[in-house]
1. If we keep just the residues of the stretch 88-108 that are within 16 Å of the ligand (Cβ to nearest atom) and hydrophobic (A, V, I, L, M, F, W, C), which is surrounded by the fewest Cβ atoms within 10 Å (Cβ to Cβ)?
2. In the stretch 109-149, which residue that is β-branched (Val, Ile, Thr) and farther than 18 Å from residue 283 by Cβ is farthest from the ligand (Cβ to nearest atom)?
3. Residues being under 24 Å from residue 44 (Cα atoms) and not in a loop (DSSP other than H, G, I, E, B): count how many of those fall in the stretch 260-307.
4. Looking for something away from the ligand (no atom under 15 Å from the Cβ) and touching a strand residue (DSSP E or B) at 6+ places or on another chain (Cβ under 8 Å) - is there at least one such residue anywhere in the stretch 170-181?
5. If you go through the stretch 149-180 one residue at a time, how many are of a type in the set (A, V, I, L, M, F, W, C), under 17 Å from the mean Cα position of the chain (by Cα) and surrounded by fewer than 18 Cβ atoms within 10 Å (Cβ to Cβ)?
6. Go through the stretch 111-142 residue by residue and tally those that are part of a helix (DSSP H, G or I) and farther than 19 Å from residue 173 by Cβ.
7. Can you report the number of residues in the stretch 244-280 which are away from the ligand (no atom under 14 Å from the Cβ) and hydrophobic (A, V, I, L, M, F, W, C)?
Amino acid sequence: MNFTRRTILGAALAACVTTIGTMATPAFAQKPLVIGFSQVGAESEWRTANTASIKDAAKKAGVTLKFADAQQRQENQVKAIRSFIAQRVDIIAFSPVVESGWDTVLREAKAARIPVILTDRSVNVSDPSLYVTLIGSDFVEEGRKAGRWLADYAKKSPAATLNIVELQGTVGSAPAIDRKAGFEEIIKGNPKLKVIRTQTGDFTRAKGKEVMEAFLKAQGKNINVLYAHNDDMAIGAIQAIEEAGLKPGKDIIIISIDGVKGAFEAMIAGKLNVTVECSPLLGPQLMEAAAAVKAGKPVPKRIVVNEGVFPAEVAAKEFPNRKY
Ligand code: GYE
């Protein structure tokens with residue numbers, strides 16, 4: 001908040017100086033904060049909403065945003081971070097595509113005294129001081145929520161066993177690792193619930209469809225439940241299920257994560273049973289944290305986002321409230 005006020009004041013003073021025709025900038029005028037942001041890519045509806053939130057929040061906060069899309073490749077993110085260091089941005093922020101392999105480049109940022117803020121996904125580093133804070137969801141808890149919904153469903157189902165196929169997110173990414181772990185934690189020991197296939201669909205519709213086709217070929221009518229680590233893969237899989245002559249949401253129960261509009265539409269159409277919310281609207285929290293870091297104020301190491309679970313029964317009522 002403070003930051004916004006200072007920036008507006010700074011801009012007003014700069015404008016004033018220009019009109020009276022002097023070249024000098026008052027010493028107390030603030031330069032806008034410059035953030036270099038390396039985004040994962042544009043792989044899902046979630047990501048598109050996340051990018052829009054960050055760009056929009058930067059604009060509102062008067063922040064100069066240098067935005068780079070890594071097309072889901074770590075090497076592109078490393079290059080982007082090095083270029084932000086060379087440009088001497090005030091803050092580097094990024095959403096790491098995978099968890100490991102960041103130590104070297106983050107040490108370079110630290111040596112250049114540029115603070116790093118993680119958004120959305122976490123990293124696995126030996127030295128936690130290599131980043132200031134992580135703003136994002138609790139993916140393990142999201143996996144647990146998906147598992148709890150299914151355990152509840154299983155209680156009411158007359159079937160002796162429910163065979164589950166799982167579409168995992170990007171290999172090595174925090175949300176894929178954590179959503180798998182949280183779900184497993186809840187279903188393990190439940191004699192009714194059995195994962196019969198699990199494979200990555202890289203968080204995209206196209207891959208979700210392709211892998212679901214392979215699952216159906218191998219297992220056909222044996223499949224009772226699909227657990228997809230995001231809505232886009234579930235939406236791709238829904239197409240594969242329909243093309244195989246089965247009814248998504250009925251012949252195969254479908255659980256996914258994110259809560260994007262496409263998932264609500266699928267629930268309203270009766271093709272998806274539940275989505276666990278993962279909010280992509282991290283832009284405002286990122287701008288706030290960046291301003292605090294720049295001002296030397298302490299920020300918590302972990303900033304978590306509040307989220308819910310939306311079963312199909314509430315989809316039509318909730319739809320108008322959805323922001324992404
Ligand atoms: O669930 C998925 C996206 O990291 C939380 O990435 C994010 C995930 C999100 O591609 O749709």
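All of the numbers you see were taken from the coordinates with simple rules; none came from a lab. The model shown is predicted, which means the values in this text are computed figures rather than measured ones. No Cβ is skipped: glycine too gets one built from the backbone with ideal geometry, and neighbour counts run over all protein chains shown.
1. 98
2. Taking the stretch 109-149 and keeping what is β-branched (Val, Ile, Thr), we get 114, 116-117, 119, 123, 125, 132-133, 135, 140.
Retained after the next criterion (residues that are farther than 18 Å from residue 283 by Cβ): 114, 123, 125, 140.
Working: 114: 23, 123: 13, 125: 18, 140: 12 Å.
Per the stated criteria, the residue is 114.
3. Count: 19.
4. Within the stretch 170-181, none of the residues are away from the ligand (no atom under 15 Å from the Cβ) and touching a strand residue (DSSP E or B) at 6+ places or on another chain (Cβ under 8 Å).
5. 1
6. Residues in the stretch 111-142 being part of a helix (DSSP H, G or I) and farther than 19 Å from residue 173 by Cβ: 3 in total.
7. First pass over the stretch 244-280, keeping only residues away from the ligand (no atom under 14 Å from the Cβ): 244-254, 264-274.
Retained after the next criterion (residues that are hydrophobic (A, V, I, L, M, F, W, C)): 244, 246, 252-254, 264, 266-269, 272, 274.
Result for the stretch 244-280: 12.
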